[in-house]
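Taking it in order: structure first as structure tokens, then the write-up.
Derivation of every value follows stated rules applied to the coordinates shown; laboratory data play no part. These numbers come from a predicted model, not from an experiment. Note that we place each Cβ from the backbone using ideal geometry, even for glycine, and neighbour counts take in every protein chain shown.
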Amino acid sequence: MTGSLSIVIPVYNEIDNLDELIHRCVEVGQSLDRTWELVLVDDGSRDGSSERLIEAAEADPDHVKAVILNRNYGQHNAVICGFSHANGDIVVTLDADLQNPPEEIPQLLKAIDEGNDVVGTIRMNRQDSVFRRFASWTINHLVKKTTGVMMHDYGCMLRAYRRPIVDAMLQCRERSTFIPVLANSFAKRTTEIEVSHAERSAGTSKYGFMRLINLQFDLLTCMTTFPLRLLTWVGVMISMLSVAFGGVLLALRFILGAEWAAAGVFTLFAVLFFFVGVQFIAMGLVGEYLARVHNDVRGRPRYFIDSVHDETVLAGSARPDETTERPKRRLVHS
């Protein structure tokens, strides 16, 4: 045994999976030779998931904690909330849809015990649709190119972190964040392991087309300034091309005469529209950055807690954005 374990799971409308999820996580915890806890964060569910989490916490208060948020704040904010309530020396995050089996957790713990600060996972034989796999590939490629943090599968929530990495993430105050990249920015040693992947047995995915598009924007603007630098180079290239194009038009004006130049007016309009489009794209991208700066300057909480259910914290207490202190709690060895 080399450290206590906290399993943090964000939950959003997963009532059909919760009984099996909790049962399998408890079985994994009981099989480990270390103290452990299960931290379940309800991210504004409306299908009865929050009530089921409260029941699980009341049934096993020594190991299960339920944190109920007052509305939906997004997966990564829910995970940050779970971090602030986790007490383990090692924190493992997991999705509630059971596509990543909890039985893979011992593999992550073994990699952490070998001295790694962050352990990522690579989903083998993925059971997702072609669209989801393509979106995942795009996100992974984008993150690697823009941040230089090389991992193969950023979309898999099944990951393990040492406590110092978790504490460092809790000190970051930005509103929009992408936890796998943020964790890697603090880690000295990282690794990846292969894990199995199962079909979703119940419920539907919460990441539709528009949500994946929004995730792309978040990745672009919350973790790197590369797009702004890219815009600078694009502007330089367009300026050079426009000068060259103007020179060609001037030469053709003298060679072919004024009549030809008049006939090319629509070409000029096309070029003008292209430049206008580039300007609007640039303005929109700068606006994304300004919006995030605006949100950070306001300093509003990432989330607001409706209630916490375990053996030491009274239900009904509301504590906004606990990002620097964790409630003290005894971890019980199975």
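Using the number of other C-beta atoms within 10 angstrom as an exposure proxy, rank F254, F178, F83, F275 with the fewest first. Before the final figure, lay out each step's value.
On the way: F254 9, F178 17, F83 25, F275 12.
Starting with the residue having the fewest Cβ neighbours, the order is F254, F275, F178, F83.
Assuming 0.36 nm per residue, please report the length gained on full extension of the stretch D33 to S185 beyond their Cα-Cα distance. Don't skip to the end; give the middle numbers.
Working: separation 152, 0.36 × 152 = 54.72 nm, distance 3.03 nm.
Taking D33 through S185 to full extension adds about 51.7 nm, to one decimal.
Given a Förster distance of 45 angstrom, what is the FRET efficiency for E103 paired with W233, based on the Cβ-Cβ distance and rounded to 0.05? If you can, show how the numbers build up before the last one.
Numbers: r = 48 Å, r/R0 = 1.06.
So, using R0 = 45 Å, E works out to roughly 0.40.
Once the Cα-Cα distance is subtracted from the 0.36 nm per residue extended length, the D19 to I193 segment shows a gain of 59.9 nm. Once you place label points 7 Å from the Cα toward the Cβ at A59 and L290, how far apart are they in nm? Those two pseudo-labels are separated by 5.3 nm.
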